[in-house]
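Colleague: Quick one: the structure is below, questions incoming.
The values are calculated or read from the model by the stated rules, or taken from the named source; none is laboratory data. It should be emphasised that the depicted structure is a prediction, and the values quoted were computed from it without experimental measurement. Cβ coordinates were reconstructed from backbone atoms using ideal geometry, including for glycine residues, and neighbour counts include every protein chain displayed.
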Amino acid sequence: MIAGPCSVEYREQTLEAARAVADAGATMLRGGAFKPRTSPYTFQGLGDEALAILREAREETGLPVVTELMDPRHVEAVLDAADVIQIGARNSQNFLLLAEVGRADKPVLLKRGLSSSVEELLMAAEYVAKEGNERIILCERGIKTFETATRYTLDLGAVAVLKQETHLPVIVDPSHAAGKREFVLPLARAAAAVGADGIIVETHPRPEEALSDGPQQIPTAEFAEFARQVEGIVALMGKQIG
Ligand code: PEP
Ligand code: MN
């Protein structure tokens, strides 16, 4: 279970979230330092300042950290702070960036593109593997369809297909698929039931003040209960968190 804020906004916000997810049994901390935002006029992430906060959160909680890399020019800085490098949905077919992390000595969390087929996701993974890095985690995070009731359409069938087609770990991001916090738990439970190897979830101490993705972030005060609810399905699958 990977959890943490959408964006690193300030020190206390990230540390509070990190402590809460560590206490709830999460096994990795997430938090965006470089944010791929639809509008250039919205919060773009704290960049290097966020990486320093993530390093501190890792030190305090002992949780490994995953954060997104958007630009090959940031690779050194991101590698210095991250235990796992995230390639976001919008860069899922940025082939030069994929090759760059393919030469890195850290695992890569590769998200499915907004409009990528399973085949295109697998080929994106090949771009990483081709350079020598075979430590790749595939992530289903919802795709664009005609349906707008949720933010994206979570393709749980793709998880089943990926589990069959590859030996790689497959995780689900129920937060970005849902777009609204009340749907995150049912999608997370469904992910566990379909056989996903993990989930990556957004949580914020005060989601109503969040600088990105507020509506889908689970208040950290409710995160332990969220984890407990997911754990029920995980146990039914004969697995455990961590
Ligand atoms: C994120 O995880 O913060 C994110 C931006 O996700 P995605 O690339 O799936 O939209
Ligand atoms: Mn987000």
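Colleague: In segment 66-91, which residues are free of Cβ contacts under 8 Å to residues at least 60 places away in the same chain and outside any helix (DSSP H, G or I)? Write out each step before concluding.
Modeller: Of all residues in segment 66-91, those free of Cβ contacts under 8 Å to residues at least 60 places away in the same chain come to 67-88, 90-91.
Across segment 66-91, the qualifying residues are Thr67, Glu68, Leu69, Met70, Asp71, Ala82, Asp83, Val84, Ile85, Gln86, Ile87, Gly88.
Colleague: Let me ask something else. Could you list, in sequence order, all residues of segment 158-178 that are part of a loop (DSSP other than H, G, I, E, B), more than 11 Å from Ile200 (Cα to Cα) and in contact (Cβ under 8 Å) with a residue 40 or more places away in the chain? Give the derivation first.
Modeller: In the first step, residues of segment 158-178 are kept if they are part of a loop (DSSP other than H, G, I, E, B); the result is 166-169, 173.
If we keep only those that are more than 11 Å from Ile200 (Cα to Cα) too, we end up with 166-169.
If the condition is that a residue be part of a loop (DSSP other than H, G, I, E, B), more than 11 Å from Ile200 (Cα to Cα) and in contact (Cβ under 8 Å) with a residue 40 or more places away in the chain, then Thr166, Leu168 are the ones that fit.
Colleague: Hey, another quick one. Counting only residues that are within 15 Å of ligand 1 (Cβ to nearest atom), outside any helix (DSSP H, G or I) and in contact with a helix residue (DSSP H, G or I) (Cβ under 6 Å, 6 or more places away or on another chain), how many does segment 1-53 have?
Modeller: Result for segment 1-53: 8.
Colleague: Going through segment 115-152 one residue at a time, which ones are surrounded by 15 or more Cβ atoms within 10 Å (Cβ to Cβ), within 20 Å of Pro215 (Cβ to Cβ) and within 13 Å of ligand 1 (Cβ to nearest atom)?
Modeller: Within segment 115-152, Arg141, Gly142, Ile143, Arg151, Tyr152 meet the criteria.
Colleague: With Gln229, Gln216 as the choices, which residue is out of contact with any Pro (no Cβ under 9 Å at 6 or more places or on another chain) and modelled with pLDDT of 95 or more? Let's see the steps before the verdict.
Modeller: On the way: Gln216 fails: out of contact with any Pro (no Cβ under 9 Å at 6 or more places or on another chain).
Just one listed residue meets the conditions, Gln229.
Colleague: Looking only at segment 157-183, count how many residues are over 13 Å from the mean Cα position of the chain (by Cα), within 23 Å of Val84 (Cβ to Cβ) and within 16 Å of ligand 1 (Cβ to nearest atom).
Modeller: Residues in segment 157-183 being over 13 Å from the mean Cα position of the chain (by Cα), within 23 Å of Val84 (Cβ to Cβ) and within 16 Å of ligand 1 (Cβ to nearest atom): 4 in total.
Colleague: Can you name the number of the only condition in (1) at positive phi; (2) in contact with a Leu (Cβ under 6 Å, 6 or more places away or on another chain); (3) not small (Gly, Ala, Ser) that Asp213 fails?
Modeller: (2)
Colleague: Next question. Among the residues of segment 154-188 satisfying the criterion of being among the polar types (S, T, N, Q) and within 14 Å of Val118 (Cβ to Cβ), which is surrounded by the most Cβ atoms within 10 Å (Cβ to Cβ)?
Modeller: Filtering segment 154-188 for residues that are among the polar types (S, T, N, Q) and within 14 Å of Val118 (Cβ to Cβ), the one surrounded by the most Cβ atoms within 10 Å (Cβ to Cβ) comes out as Thr166.
Colleague: Of the residues that sit in segment 58-82 and are of a type in the set (Gly, Ala, Ser) and within 17 Å of the chain's Cα centre (by Cα), which one is nearest to Leu96 (Cα to Cα)? Walk me through how you get there before you give the answer.
Modeller: Of segment 58-82, the ones of a type in the set (Gly, Ala, Ser) are 62, 77, 81-82.
If we keep only those that are within 17 Å of the chain's Cα centre (by Cα) too, we end up with 81-82.
Details: Ala81: 21, Ala82: 20 Å.
My answer is Ala82.
Colleague: Restricting attention to segment 83-99, report how many residues are within 15 Å of the chain's Cα centre (by Cα) and within 13 Å of ligand 1 (Cβ to nearest atom). Give the steps one after another, and end with the answer.
Modeller: As a first pass, look at segment 83-99 and keep what is within 15 Å of the chain's Cα centre (by Cα): 83-92.
Filter once more, so that each one left must be within 13 Å of ligand 1 (Cβ to nearest atom): 84-92.
Matching residues across segment 83-99 total 9.
Colleague: I'd like the full set of residues that are within 13 Å of Asn133 (Cβ to Cβ) and either among the β-branched types (Val, Ile, Thr) or part of a helix (DSSP H, G or I) (or both), limited to segment 92-111.
Modeller: Leu97, Leu98, Ala99, Glu100, Val101, Gly102, Val108
Colleague: Given the conditions (1) within 16 Å of ligand 2 (Cβ to nearest atom); (2) farther than 23 Å from Lys144 by Cβ, report the number of the one that Ala177 does not fulfil.
Modeller: (2)
Colleague: Quick check: is even one residue across segment 134-153 closer than 17 Å to Asn94 by Cβ and either more than 16 Å from the chain's Cα centre (by Cα) or part of a helix (DSSP H, G or I) (or both)? Write out each step before concluding.
Modeller: Residues of segment 134-153 that are closer than 17 Å to Asn94 by Cβ, as a first pass: 136, 138-139, 141.
Then keep just the ones that are either more than 16 Å from the chain's Cα centre (by Cα) or part of a helix (DSSP H, G or I) (or both); that gives none.
No, that holds for no residue.
Colleague: Another question, then. Looking only at segment 206-222, filter to residues that are within 16 Å of Ala26 (Cα to Cα) and either within 10 Å of ligand 2 (Cβ to nearest atom) or not hydroxyl-bearing (Ser, Thr, Tyr) (or both); which one of those is surrounded by the fewest Cβ atoms within 10 Å (Cβ to Cβ)?
Modeller: Ala221
Colleague: Within segment 1-20, can you find the residues that are more than 14 Å from the chain's Cα centre (by Cα) and either surrounded by fewer than 19 Cβ atoms within 10 Å (Cβ to Cβ) or not small (Gly, Ala, Ser) (or both)?
Modeller: Step one: of segment 1-20, the residues more than 14 Å from the chain's Cα centre (by Cα) are 9-20.
Across segment 1-20, the qualifying residues are Glu9, Tyr10, Arg11, Glu12, Gln13, Thr14, Leu15, Glu16, Arg19.
Colleague: What pairs come out if I take residues in segment 210-238 that are farther than 21 Å from Glu9 by Cβ and pair them with residues that are within 16 Å of ligand 1 (Cβ to nearest atom) whose C-beta lies under 6 Å away, six or more apart or interchain?
Modeller: Val230/Ala188
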